[in-house]
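Participant: Sharing a structure with you now.
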Amino acid sequence: MCGLNGIFAYGDTASPPCERELLRTRDHMAARGPDGAGLWMSEDVRVGLGHRRLSIIDLSDRSNQPMHSNDGGRVIVFNGEIYNLPELRRELQAAGCVFRTSSDTEALLHLHAQMGAAMTDRLRGMYAFAIWDNDERSLFLARDPFGIKPLYYADDGSTFRFASQVKALLAGGAIITSTDPAGVVGFHLWGSVPEPFTLQTAIRALPAGCSMTIKMGRGAEGPNSFISLPGEMARGALTPIPEPDLAVCIREAARDSVAAHLLADVEVGLFLSAGIDSCALLGLMSDASAQRV
């Protein structure tokens, strides 16, 4: 868990991002990232990015964020973990990319340089991130297909703000606070606020499996869905599994998923509830790792 935030003054008449607002928003998320804090402002002071870090992969300071690409043309803030990092890293190195860290954050920078918005097609993991492209003068945001990692934004028509938490955006002090009836009604109907609504009229959630691009002088394009899991099921895109094969398929899928989730440079533990599900996960972890769980 990390915390990310940023301000992009994309409108011609927009005021430059306020560093104090960036810091207030960032540090409201200190509990999300106790291992480090970073801040970056563009040379023209049109975009600023903040980050609170919880170190999981490459614990060294070289993987602190905001992180710059080797050529300085891209800057990223990222929350989450990319589980197919080893595969992506091999592919990117084969394509000539030079890594200076062992982090998944840097892999995202290289992947965006190669594929742009289509990079989400290659990601397996839980993530929310924002990448500033200095050449295109644009900000790209994306959120994982299951919506595991949160990402919220506010756009007043000339300035775009985003953060990992609604309360962090409000802590910045620049967003008009008014209650959204749709968010309130949704909460009372379903027990949670349905996306993309929040309890604030000015703040929206980037839906799961969606991305956005905000361009200088033009504003936001999107949200654009790059995958919808309910949609895939509705149109029959998922191949049915014959009943005799179900047990084997489920076991192999679970084994593969658990093995991928063990990717870390810190100890990985498991909360046990004494139920079948957590005990099964413990067994799969023991099978997949040479280390004592």
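Here, each number is a calculation from the coordinates, and none is a lab measurement. On a predicted model such as this, the values are computed, not experimentally measured, just so you know. For neighbour counting, all protein chains shown are included, and Cβ atoms are generated from backbone atoms with ideal geometry for every residue, glycine included.
Participant: Restricting attention to segment 19-107, which GluC sites (Glu not before Pro) occupy a DSSP loop and are surrounded by at most 15 other Cβ atoms within 10 Å?
Facilitator: Answer by residue number: E43.
Participant: List the residues, sorted by chain then number, that are 5 or more residues from C210 or on another chain and whose placed amide H is less than 5 Å from its amide H.
Facilitator: Here R143, F226 satisfy the definition.
Participant: Still on this model: Measure of size requested: the Rg and Dmax of segment 71-183, with Cα atoms as the atom set and Å as the unit; please supply both.
Facilitator: Over segment 71-183's Cα set, Rg and Dmax evaluate to 16.0, 52 Å.
Participant: Kindly identify segment 1-108 as rounded, prolate or oblate by the Cα gyration tensor criterion: order the square roots of the eigenvalues as a ≥ b ≥ c, call it rounded if a/c is under 1.5, otherwise compare a/b with b/c, prolate if a/b is larger, else oblate.
Facilitator: oblate
Participant: Ok, one more. Counting C-alpha atoms alone, how compact is the chain: give Rg to one decimal and Dmax as a whole number, in angstrom.
Facilitator: 20.0, 64
Participant: Given the options M41, M29, M115, state which has the largest fluctuation in a GNM of the chain using a 10 Å cut-off (strictly under) for Cα springs.
Facilitator: Fluctuation is largest for M115.
Participant: Most mobile of P34, P207, P240 per a Gaussian network model of the chain (Cα springs, under 10 Å)?
Facilitator: In the Gaussian network model the winner is P240.
Participant: While we're looking at this one, here's another question. Hey, could you get me the Stokes-Einstein D for segment 145-207, Kirkwood radius over alpha-carbon pairs, 25 °C and 0.890 mPa s, rounded to whole µm² s⁻¹?
Facilitator: Working: Rh = 12.0 Å.
It diffuses with D of about 204 µm²/s by this estimate.
Participant: Can you list the trypsin sites (Lys or Arg not before Pro) in segment 21-122 that are in a DSSP coil and have 15 or fewer other beta carbons within 10 angstrom? Don't skip to the answer; put the middle values down first.
Facilitator: On the way: sites: R24, R26, R32, R46, R52, R53, R62, R74, R89, R90, R100, R122; in loops: R46, R100.
Within segment 21-122, the qualifying trypsin sites (Lys or Arg not before Pro) (loop, at most 15 other Cβ atoms within 10 Å) are R100.
Participant: Okay, moving on. Suppose the Debye formula is applied to equal point scatterers at every Cα of segment 49-120; what is log10 I(q)/I(0) at q = 0.15, 0.20 Å⁻¹?
Facilitator: Scattering profile of segment 49-120, log10 relative to I(0): -0.45, -0.83.
Participant: Counting other Cβ atoms within 10 Å of each Cβ, which chymotrypsin sites (Phe, Trp or Tyr not before Pro) in segment 134-183 have at most 14 and sit in a DSSP loop?
Facilitator: Loop-located and lightly packed - F146.
Participant: Could you tell me which helices of the chain pass both thresholds, a Cα extent of 15 Å or more along their own axis and a mean Kyte-Doolittle hydropathy of at least 0.0, with helices taken as whole DSSP H runs?
Facilitator: Working: long enough: 104-115 (16 Å, -0.06); 246-261 (22 Å, 0.51); 276-288 (18 Å, 1.15).
Passing helices, by number: 246-261, 276-288.
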